[in-house]
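Please read the structure below before turning to the comments.
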Amino acid sequence: AAAAALAISATAALAEGETVGFSQIGSESGWRAAETTLTKTQAEERGLKLQFSDAQQKQENQIAAIRSFIAQGVDAILLAPVVATGWDAVLQEAKEAEIPVVLLDRQVDSSDDLYLTAVGSNLVHEGEVAGKWLVDSVGDKECRVVELQGTTGSSPAIDRKKGFENALAGHDNLKIVRSQTGDFTRAQGKEVMESFLQAENGGKDICALYAHNDDMAVGAIQAIKEAGLKPGTDILVVSIDGVPDLFQAMANGEANATVELTPNMAGPAFDALAAYWKDGTQPAKFLQTESKLYTQADDPAGEYERRKGLGY
Ligand code: GZL
Ligand code: ZN
């Protein structure tokens, strides 16, 4: 009986001390940095050992990291996939090694039997919420819209574009006149916005900017100010993530709306893994997180304070 008890406690201990490999995209945005921080702190709190890999936005680095996690024999893999395609082979290798994979914040086009579950927002819906806010804000006024897209080929860039266009459908007074990737970064958001401003009569012909994330919007706000225009009034600014600096801009009247994306994707992921490790529980294939609209009417200064220091 004593030996059996010892064996059980050893198993329990193993469940506590699981090792998880995390293939993170990089640190392209404040939101991504917060996701990384929250994942590390939650792994610690749960007594999990986290092997962290920063892919610097390169899919080949993510694939190499996953292969090394498989070779190490980790107990699970977290993957935030930089783009949506090209994962079948490596996910098949993880499946054959019987290592569960959980997707964070972006989707893949692989069949869902190649991963345990995916944690993330409804990316199309986020674009719809942003678009609906703009449609409601401009009414029947003619509105030439410029769009800063996320990383080319990533599921957020594809889906947030689709959702925004869904919302504008039927409102012909709103037209997306320019659309280009800013790769989810402030620097490129600023650079591409500068080219939009030049191409649109110094920005006088631009009514609104839709940015697929707040970091590109913050960069674009800088460009709009340097062009001598007022972001938030001359050019409306709507984006997605809900990072502190966007709330700061909103409090200054320089941004108008953002759709919040929780950086806590690891919580639901670790919960699903704990249940799976315990008794093989199969979670739903998609664990959807909330998408909440914030505007200047929603105490942006308070929202800034609440989020500051959460690792953004
Ligand atoms: C969306 C996530 C996006 C964020 C960006 O789920 O993948 O990646 O919106 C980040 O800030 O670069
Ligand atoms: Zn919707």
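Some notes on this structure:
- With all protein chains modelled, accessible area of Val259 [1.4 Å, Å²]: 0
- Among 214-221, 281-288, 229-236, the order from most to least packed when residues are scored by Cβ within 10 Å on average: 214-221, 229-236, 281-288
- Cα-projected label distance for Gln288 with Lys230, points at 7 Å along beta-carbon direction, nm: 3.9
- Apolar share of the accessible surface for region 127-207: 48 percent from carbon plus sulfur atoms, 1.4 Å probe.
- Here is the list for region 131-175: trypsin sites (Lys or Arg not before Pro) lying in DSSP coil, each with at most 15 other C-beta atoms within 10 angstrom of its C-beta, are Lys141.
- Accessible surface of region 218-312, 1.4 Å probe, proportion on carbon and sulfur as whole %: 49
- Note that the chain presents 42 Å² accessible area per residue, ligands and nucleic acids not counted, probe 1.4 Å.
- Inter-probe distance in nm under a simple model that places probes 7 Å from Cα toward Cβ, at Ala71 and Asp88: 2.5
- Dividing the alpha-carbon radius of gyration of the chain by the rule-of-thumb value 2.2 N^0.38 Å gives 1.09.
The values are calculated or read from the model by the stated rules, or taken from the named source; none is laboratory data. Bear in mind that the values here come from a model prediction, so they are computed numbers and not experimental data. Neighbour counts run over all protein chains shown; Cβ positions are idealised from the backbone, glycine included. What goes into the accessible areas is simple: the full protein's heavy atoms, side chains included, and nothing from ligands, DNA or RNA. Shrake-Rupley method; radii C 1.70, N 1.55, O 1.52, S 1.80 Å.
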